[in-house]
Amino acid sequence: MSSIKDRQRAAARARLEKEMAERSAAARKRRQRQAIFGSAAAVILIAGAAFFVIRALKKDEKTEAAGPPAGTVNCTWTPVDEASGGKVKDVGLPPANVPNTGSAVLTFDTGLGVIAADIDLAKTPCTGASYKHLAEQKFLDNTKCHRLVNKEGFRVLQCGDPFATGEGYRDTDGQGGPSYTMAEENLPTDTEKPYPAGSIAMANTGMPNSTGSQFFIVAEDTQLPANYTLLGTITKGLDIVQEVVKAGDDGKFEPNPGGGRPKKELLIKTMTVS
């Protein structure tokens, strides 16, 4: 009798041990599968992240290589302050990306009549954009032309200082400008007539990238080094400029840089660019 019970207990113990071994093996397999799936998911996540990073980098490279949109150009505006010399009127910066096709009309409503000029934006996109920005800021409203040169082969009227205002002239007239400068554009290649009558050209300090807001209107063909941006061509009012130049100057700036203050005042009441 006891022998039969012993065999039954042994058989039951064997079955229990087998079941426990099978459960242990099944649990081990589940853990292995979870570990494999977890590792695979991590690899997928890493691969996905790498894909998007590479795609973003390629997109940036493509955008950079493509450059500005068609019909536009990027301009560089160099901020300046009074520590660099001169007087500065802060008007912020023009847009970095501007049109380089088409044309614009620059108009001065002056105390002596209207002076208008055409600007070719294909040749002077950044200078044209600068003047549009300055016009929107009323930068040169109620300012006067502060310098005149009336010599054989060199007759020009210079304007564009935002501080040249009020009655009479000041010693500081001609020292003012905006809170930025820009590179020169459209430098003349015609060595015989680099600055023909009716031209509007930009003054600068003589250093590269020093163009600001000051400009000079050429009353007759003038020989100057080709260092000054040719901004536009007068289409109306050149006779007004010629009258002011003919009236002469006071010789204030002789012998260097030459000329003086206009004897016949030209007040710019408003400037617009359209």
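Listed peptides 202-209, 67-74, 161-168, 179-186 appear in the order 179-186, 161-168, 202-209, 67-74 once ranked by packing, highest mean of other Cβ atoms within 10 Å at the front. Stokes-Einstein diffusion of the stretch 119-182 at 37 °C, 0.692 mPa s viscosity, Kirkwood radius from Cα pairs, rounded to a whole number: 245 µm²/s.
Placing dummy labels 7 Å off each Cα toward the beta-carbon, the span from residue 233 to residue 151 is 2.8 nm.
Label point of residue 264 set 7 angstrom out along Cα-Cβ; within the stretch 120-161, amide nitrogens under 16 Å from it belong to 145-151, 155-158. Residues whose amide H comes within less than 5 Å of that of residue 73, counting only those at least five positions distant or on another chain, are 98, 100 (H built at 1.01 Å from N in the peptide plane). Cα extents for the stretch 104-258 along the principal axes, largest to smallest and rounded to whole angstrom: 38, 37, 31. Centroid-to-centroid, using Cα positions, the stretch 110-157 and the stretch 164-211 are 9 Å apart. The heavy atoms of residue 215 offer some 0 square angstrom of accessible surface to a 1.4 angstrom probe. Potential lengthening of the chain between residue 136 and residue 105 amounts to 9.8 nm, from the contour at 0.36 nm per residue minus the alpha-carbon distance. Across the stretch 165-176, coupling constants 3J(HN,Hα) worked out from phi with the 6.51/-1.76/1.60 Karplus curve, θ = phi - 60°, read 10, x, 6, x, 10, 10, 5, 8, 4, x, 9, x Hz, and Gly and Pro carry x. Give the carbon-plus-sulfur fraction of the accessible surface of the stretch 233-274 in %, rounded to a whole number; probe 1.4 Å, heavy atoms of protein chains only. The computed percentage sits at 49.
Of 193/236; 89/144; 144/263; 89/132, which sit over 19 Å apart, Cα to Cα? 193/236, as the Cα separations exceed 19 Å there. The amide H of residue 267, built 1.01 Å from its N in the peptide plane, has 111, 112 as neighbours under 5 Å, considering only residues 5 or more places off or on other chains. With a simple spin-label model that places each label point 7 Å from the Cα along the Cα-to-Cβ direction, the separation between residue 97 and residue 254 comes to 5.3 nm.
The values are calculated or read from the model by the stated rules, or taken from the named source; none is laboratory data. What you are looking at is a predicted structure, and each value in this text was computed from that prediction instead of being measured. Glycine gets a Cβ as well: all are built from the backbone with ideal geometry, and neighbour counts include every protein chain shown. When the accessible area is computed, the model is the full protein with side chains, heavy atoms only, and any ligands, DNA or RNA have been set aside. Shrake-Rupley method; radii C 1.70, N 1.55, O 1.52, S 1.80 Å.
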